[in-house]
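Below: one structure, written as structure tokens.
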Amino acid sequence: MISAKSQAKRRYVALAILSPLTILLVWTLLTAKGAVAPIILPSPAAVMASFLDMVQRGYSGVGIWTHLGASLARVGIAFFAGATLGVAIGLLRGRIAEIDALFLVPSEIVRPIPPLGLIPLFILWFGIGEMSKILLIFLSVFLIMMVNAQAGARSCAVDALRAAQSMGAGRWQIFRFVVLPSALPQIMTGLRVSMGTALTILVAAELLGGDRGLGFIILDASSFFRTTYVFAGIILIGLIGLVSDRTIALLARRIVHWEGRR
Amino acid sequence: MSIAAPVITLVSREGSERGDKPMDSSASVRPILKFEQVGFQYDGRAIMRDVSFAIRPGELVAVLGPSGCGKTTILNMVAGFLQPTEGAAIIDGQEITGPGPDRGVVFQAAALYDWMTVADNISFSLRCAGRPKAERRRVAEEMAALVNLTGFEDAYPYQLSGGMRQRVGLARVLAAKPKVMLMDEPFSALDVQTREALQEEVLRIRDRTGCTILFVTHSIDEAVFLGDRIFLLTDLTDGAYDEFAIDLPSPRANGENRLHPAFIRLRETIYRKMRH
């Protein structure tokens with residue numbers, strides 16, 4: 001029983017490692033034969049060389065850690081603020097009809113607008129500095145988290161609420177001890193989805209201008225046809241996405257330990 | 001088959017007649033729970049009309065009937081989840097206006113909090129009342145012992161079997177020291193052995209705590225085994241129901257009672273009445 005389980009786990013890990021290696025292999029073969037022009041698809045080795053060059057000498061006169069730090073700060077601030085506010089309002093909307101009514105029309109009008117479509121407006125309103133970039137990411141995280149938290153709060157069982165009431169719980173206690181934990185599985189899923197979206201919007205937001213950030217590196221490198229640097233930047237963002245997603249997923253399994261085990 | 005004393009009393013009750021009329025042996029005791037000509041409408045449709053009864057402290061009343069007869073509606077009105085549209089539901093002299101810790105509910109599906117340990121589930125009412133941690137732990141351990149769950153205080157509900165989950169549900173209600181315990185078909189989803197063990201457990205707990213219990217069920221056996229009285233409901237729109245007083249040998253928490261001639265006779269009487 002245990003050995004079958006650990007065998008399944010080993011197979012899982014092996015496949016998870018094998019699949020990116022296969023992609024890398026196909027990529028290497030494609031570029032090695034000279035079938036594709038390096039400016040369209042550079043070889044992995046060339047991308048790696050550019051990456052090491054960026055790590056050692058920075059990009060456009062700025063160290064790679066500064067670029068990375070600028071991007072992470074934007075995502076971090078916007079993600080934290082958007083998730084906090086989105087969860088708070090989403091939970092309230094899920095349980096209090098009046099609050100839901102207040103937010104319904106405005107949020108449903110804003111939600112279908114692609115955040116990228118808001119870029120021109122945000123430039124007009126907040127300029128091309130940090131404010132525009134952070135607000136753009138914040139908005140998309142906020143909207144996703146609000147929807148998830150609201151659905152989570154709605155999923156709370158009637159009997160769970162009634163049990164709390166008949167054990168003397170007040171409104172706040174019901175919220176804290178029953179509604180919030182009931183919504184946690186969907187909140188954690190929302191965090192994973194919105195982190196992915198936040199990174200997407202980050203790159204777009206950094207195209208707004210400025211001279212720092214991974215999005216800037218990608219844009220700048222592409223306008224000078226330095227494709228290897230474009231790839232290095234893209235892969236770096238992808239790696240950030242992978243690490244942050246795995247981290248949230250791991251946290252979710254710890255926090256929402258009861259999910260799927262009832 | 002010889003039975004010394006009459007063990008079955010069948011009293012058919014018509015709506016409004018009873019009102020405040022004292023019932024049987026309850027004449028001298030103030031009822032802990034009372035319905036006074038209670039009516040309930042839902043979506044303009046009358047579910048019940050003119051329902052009256054009185055329950056003495058320490059009594060275990062089984063409310064028996066097929067699904068849709070309004071037995072859960074009665075329980076929900078006592079719990080305060082629903083309000084009567086006519087008449088009044090009264091607990092210990094006070095009209096019921098909403099849920100409160102003086103009326104604990106054991107739900108059919110336990111409705112435990114999977115994010116809390118067994119101990120935290122049991123002592124939830126104390127946490128709501130702002131009691132200190134040490135006291136909560138002490139009460140949780142006491143109640144866990146009362147329902148035979150010692151050693152499982154730090155487990156999570158999803159790690160327990162269905163029967164154990166219902167034991168936690170019982171302990172959680174007992175910890176709040178309610179005036180009335182409301183049980184909404186709590187054992188209907190369990191296997192027979194577990195169900196019978198828990199039924200005996202309920203009677204033992206009642207003997208030890210003196211708790212008043214309103215027990216809703218659709219099982220004749222369960223109602224007869226547990227009840228001091230049975231309210232048999234079929235259609236409450238005219239407030240009429242049948243009442244059976246049960247006098248099985250003491251101690252009631254004895255599985256052998258299921259084989260007692262009185263048990264079998266009462267079961268048959270109710271069965272015929274339900275089929276009638």
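Some points to look at:
- Checked against (1) surrounded by fewer than 23 Cβ atoms within 10 Å (Cβ to Cβ); (2) over 14 Å from the mean Cα position of the chain (by Cα); (3) within 13 Å of chain A (Cβ to nearest Cβ), B:G151 meets all criteria but (3).
- Segment A:160-196 - residue that is of a type in the set (S, T, N, Q), free of Cβ contacts under 8 Å to residues at least 60 places away in the same chain and farther than 26 Å from B:I96 by Cβ and, of those, nearest to the other protein chains (Cβ to nearest Cβ): A:S182
- Flag if B:M183 is closer than 30 Å to A:E259 by Cβ and in contact with a strand residue (DSSP E or B) (Cβ under 8 Å, 6 or more places away or on another chain): yes
- Here is the figure for segment B:74-97: residues that are within 11 Å of B:V38 (Cβ to Cβ) and assigned to a helix (DSSP H, G or I) total 3.
- Wholly enclosed strands (runs of 3 or more DSSP E) of segment B:194-276 bearing at least 2 residues under 16 Å from the mean Cα position of the chain (by Cα) and hydroxyl-bearing (S, T, Y): B:212-217
- Close pairs from segment B:113-128: first farther than 9 Å from B:P157 by Cβ and within 7 Å of chain A (Cβ to nearest Cβ), partner in a helix (DSSP H, G or I) and polar (S, T, N, Q), Cβ under 6 Å, at least 6 apart: B:C128/A:Q173
- Residue match in segment B:45-57 (condition: surrounded by fewer than 21 Cβ atoms within 10 Å (Cβ to Cβ), more than 14 Å from chain A (Cβ to nearest Cβ) and under 14 Å from the mean Cα position of the chain (by Cα)): yes
- The listed residues are B:A110, B:A144, B:A79, and the only one of them that is under 26 Å from A:H257 (Cβ atoms), surrounded by 21 or more Cβ atoms within 10 Å (Cβ to Cβ) and within 12 Å of chain A (Cβ to nearest Cβ) turns out to be B:A110.
- Some residue of segment A:25-44 being of a type in the set (A, V, I, L, M), in contact (Cβ under 8 Å) with a residue 12 or more places away in the chain and part of a helix (DSSP H, G or I): no
- Given (1) closer than 22 Å to B:A79 by Cβ; (2) free of Cβ contacts under 8 Å to residues at least 24 places away in the same chain, number of the condition B:F215 does not satisfy: (2)
- Of all residues in segment A:210-262 being among the charged types (D, E, K, R) and over 18 Å from A:S50 (Cα atoms), the one that is modelled with the lowest pLDDT: A:R262
- Scanning segment A:85-99 for residues that are in a helix (DSSP H, G or I) and out of contact with any helix residue (DSSP H, G or I) (no Cβ under 7 Å at 6 or more places or on another chain), we see that the one that is nearest to A:F177 (Cα to Cα) is A:A88.
The values are calculated or read from the model by the stated rules, or taken from the named source; none is laboratory data. The structure displayed is predicted, hence computed values, not measured ones. Quick reminder, even Gly has a Cβ in these numbers, built from the backbone with ideal geometry, and neighbours come from all protein chains shown.
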